[in-house]
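Here is the structure we will look at, set down as structure tokens.
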Amino acid sequence: MSRLIGAIALLSFGLLVYELALTRLFAVVLFSDLAHLALSLAMLGMGVGALLQHLFEPLRPPRLLQAASGLTLAQGAAIVLATACVLYFPLLSTPSGPPAPWQVRVMMRAETLQWEWFVLLIPILSLPPLFAGVTLAGIFAHRHKDFGVLYGADLIGAGLGVAAFLPAIAWLQGADVIWLSVLSCALSAGLLAPHAAGRGLAVAAACGALVAGGQALRGQPVLQIQASAGWSEAQVVATRWTPLTRLTVFQQRDNELILLDNATLSSVIQRPQQLDRVTRMANRGLVYQLEIPPGPVAILAASAGPEVVTALHNGFPEVDAIDIEGEIFELVAERYTTPLNPYRDPRVRRIALDARSAMMRAERGRYHIIQLLNANLFGASGMLAHAWSPSLLTTQEAFDLYLDRLDEDGVLSMANLEQTRWLPRNAAAALRARGVEDPYRYMAYIDGPNAVFLLRPRPWTDAERARLYAVIGHTGGMPLVLDPGQPVADATALLRSLPGAAIGGRGPQTALPAPAPPVQTDDHPFLDSPARVGYALRHNTFPEGMVYRTLLLQAALVLAVGGAVIGLPLLLRGRQSLRGAGAVIAYVACLGGGYLAVETVLLYHLTLFIGHPSYAIAAVVLSMLVSSGLGSVYAARGPDDAVPQRLQTMLVLVLGLGLLQAFVVPDLLVGALIQAPQGVRMAIASASMAPLGFVMGTCFPYGMRLATRRSAGVVPWAWAVNGWMSVVGGMTTVLLTRTLGYSWAMVAALSAYALALVVSRRLTDAVRI
């Protein structure tokens, strides 16, 4: 039994490392909005594998148990094959000339993607989880009386895989992280092997993985990126992998750029001529020309530091450079010896945190200037964080925080591409909440190619307005759309009538009559609404159109797999033979849809407290999976006649603890412990999630104990449906959070558990399958 537990934990460990590696590789060789598709493919593949085990006699115990070691080795081989295909398939057309700017390439995504290769890649990527699904479902069905313990091993192994991935991808530098997956598969195969020959193959595979991984650790990668979405790897002069993304130094003509994955970039200022160009840009340099007294400056999303250099050049002696990807600071500081290098300047303090979290913990107190330019919400580091837990840099609550962090004469300067036009609405909501009757006297909006929004904690004076007009004249005479000295009847209509930011030289991306977005709040931090979703899909607006077109592609895959998971058993066995199984399938569907949805919402609520999306994902997901695994082990104990009452109790506890964890605990933690060291915050966040994870982990095994009283054969089918519904739940949560907000998403997630509570009363009616 102990060997079986270890084998399952190792198998799940390797699968999770593979899944997370795919998200990072997709963001480099494809586009970052496709990164989440990799996770869906993995979960769907596991569901298909479980379905195959359920339907076909050769894949059932005891035959399957004899072949389990071989299947696990095949899983490891498939991981290598799938990774190589991601790296070496020509998934995007190669540009004939110099690489286009990232805005152009993102907008040309459909034109550059070679669909025949992409379609071929999808089933290959699903092979490793398919093998895992067959193996796990077979073991669970054969040892159904030990389901709670074995399922617990699966969850705990997956949780440890999440924890190991973050340091491993930095140590092994990218794609070679999959050798950790191969090693774990080989060790699992060794534990499952029924004879010496099988154990010998497992040892050989483990040795091969160790050799390849050791070579990667010595700086000699085995698996390398060949092409990254329009950027020639021949022009890459340095790379560094981080837990979120790949940082790349790219040589372009007479300049070097720092790329995050392949989607966003930041210039390295090396010469005075470059600095002069940056200073003349309104969204970068205008705020420093407003005759603000020298004092502390905070640069949010500082990246390679062009705004930091601008602040120093204009005489501001104290600058806090803040970025989620703090490794950029080290890369720039180590690589460039130019006197303009801001990260070698003792006046600059580097802070590797989410910008909003850093503002909440600001040690300097108040700033003369807070500046944010084009926060990275379109690359992998931004998109991954944004999908799980949005950056919250432009919400009503964020503006309230910025106002608290500005001194009386300070200015907030903010620009974020097409979203810039909606910033005044969020700021106005924050000011009105503070009792300000005419909030537009506190702000200015300068339109044009480099549109910028300026906000003060008090009304602008006549002298400050005059200086603003003078500076605008020097920077090209861009129109002052919101003048703090002029009354505004309807600022929303005024800003909505602007032609829109030109993305990639393709002209306005939000032609009227696009619906105005809602005011962004921490509960609803996205600009999306149901009306804007339809508009985005019809007109392919940026970036909403990208997100929802990807969701449509994912939905098509989900519907196809769902039809197989639900329909094939009915078609092959007939409705009469499966009568009574409906309650079991409905129950596990509720759990599958609800678990990932609850986890996603709770992760969002704790990201600000932890301060970094990578560490938040690691802490929360690790805590949830490990505590759920322990809950599953607990559910294997006790007499059978106590199971119905225990299951009812646990489902009620999920509802109660879920509400507390979502709407009470985060505020308590922020209020009491926001200034604690990051490691302490991570530990506390993990501990706060553990009780909920424990009770959620009991629900599946308790349900299977009830169902298998009459039908052990239902376990693989239930496993397949659970995995499929996890993808459905994840997609639904993304849609709800983006259009209605996190409160509604949490209501939907907990409603799935409420429905499971109702359905659970009929689990004992399942027939023999």
(request) Would you please list the contacts, defined by Cβ atoms under 6 Å and residues six or more apart or on different chains, that run from a residue in the stretch 585-596 that is more than 14 Å from SER760 (Cβ to Cβ) and in contact (Cβ under 8 Å) with a residue 60 or more places away in the chain to a residue that is open to solvent by 10 Å² or more (accessible area, probe 1.4 Å) and among the basic types (Lys, Arg)? (result) none
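Output yes when any residue across the stretch 26-35 is at pLDDT 90 or above and surrounded by fewer than 24 Cβ atoms within 10 Å (Cβ to Cβ), and no when none is.
Scanning the stretch 26-35, I find no residue that is at pLDDT 90 or above and surrounded by fewer than 24 Cβ atoms within 10 Å (Cβ to Cβ), so the answer is no.
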(request) Starting from residues that are closer than 13 Å to VAL249 by Cα and of a type in the set (Asp, Glu), keep the ones in the stretch 323-337 and report whichever is farthest from the chain's Cα centre (by Cα). (result) GLU334
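Please state which one of GLU327, GLU318 is open to solvent by 20 Å² or more (accessible area, probe 1.4 Å), within 18 Å of ALA375 (Cα to Cα) and touching a strand residue (DSSP E or B) at 6+ places or on another chain (Cβ under 8 Å).
GLU327
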(request) Within the stretch 580-590, track down each residue that is open to solvent by 10 Å² or more (accessible area, probe 1.4 Å) and in contact with a helix residue (DSSP H, G or I) (Cβ under 8 Å, 6 or more places away or on another chain). (result) GLY580, ALA583, ILE585, ALA586, ALA589, CYS590
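Matching residues to (1) closer than 22 Å to ARG364 by Cα; (2) touching a Pro at 6+ places or on another chain (Cβ under 7 Å); (3) surrounded by fewer than 24 Cβ atoms within 10 Å (Cβ to Cβ):
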{"residue": "GLN289", "(1), (2), (3)": "no, no, yes"}
{"residue": "PRO293", "(1), (2), (3)": "yes, no, yes"}
{"residue": "ALA302", "(1), (2), (3)": "yes, no, no"}
{"residue": "GLU307", "(1), (2), (3)": "yes, no, no"}
{"residue": "ALA311", "(1), (2), (3)": "yes, no, no"}
{"residue": "ASP323", "(1), (2), (3)": "yes, no, no"}
(message) Going through TYR548, TYR595 one at a time, which residue ends up being modelled with pLDDT of 80 or more and of a type outside the set (Asp, Glu)?
(response) TYR595
(request) Identify, from the list PRO123, PRO129, the residue that is touching a Gly at 6+ places or on another chain (Cβ under 8 Å) and either at pLDDT 85 or above or of a type in the set (Phe, Trp, Tyr) (or both). (result) PRO129
(request) Find all pairs meeting these conditions: Cβ atoms under 8 angstrom apart; at least six residues apart or on different chains; first residue within the stretch 415-438 and at negative phi and free of Cβ contacts under 8 Å to residues at least 12 places away in the same chain; second residue assigned to a helix (DSSP H, G or I) and not acidic (Asp, Glu). (result) ARG432/PRO439; VAL436/TYR442
(request) For the stretch 750-758, state whether one or more residues are surrounded by fewer than 24 Cβ atoms within 10 Å (Cβ to Cβ) and on the phi > 0 side of the Ramachandran plot. (result) no
(request) Having 2 or more residues that are touching a Lys or Arg at 6+ places or on another chain (Cβ under 8 Å) is the bar; report the strands (runs of 3 or more DSSP E) wholly within the stretch 424-485 that clear it. (result) 443-446
(request) Return the only residue of TYR604, TYR595, TYR587, TYR634 being farther than 22 Å from GLY729 by Cβ and part of a helix (DSSP H, G or I). (result) TYR634
(message) The conditions are (1) more than 24 Å from ALA234 (Cα to Cα); (2) modelled with pLDDT under 85, and ALA302 fails exactly one of them. Which is it?
(response) (2)
(request) Scan the stretch 62-92 residue by residue and report those that are at pLDDT below 75 and surrounded by fewer than 15 Cβ atoms within 10 Å (Cβ to Cβ). (result) PRO62, ARG63, GLN66
(message) Just to verify a result, which residue in the stretch 157-181, among those that are open to solvent by 10 Å² or more (accessible area, probe 1.4 Å), over 27 Å from SER632 (Cβ atoms) and among the hydrophobic types (A, V, I, L, M, F, W, C), is farthest from the chain's Cα centre (by Cα)?
(response) TRP179
(request) Kindly indicate which of VAL287, VAL319 is farther than 23 Å from ILE225 by Cα and part of a strand (DSSP E or B). (result) VAL319
(message) Let me confirm something: among ARG467, ARG573, which residue is modelled with pLDDT under 70 and open to solvent by 30 Å² or more (accessible area, probe 1.4 Å)?
(response) ARG573
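The values are calculated or read from the model by the stated rules, or taken from the named source; none is laboratory data. Remember, it's a predicted structure, so these values are computed and weren't measured experimentally. All Cβ positions, even for glycine, are placed from backbone atoms using ideal geometry, and neighbour counts span all protein chains on display. Only protein heavy atoms, including side chains, enter the accessible area calculation; ligands, DNA and RNA are left aside. Shrake-Rupley method; radii C 1.70, N 1.55, O 1.52, S 1.80 Å.
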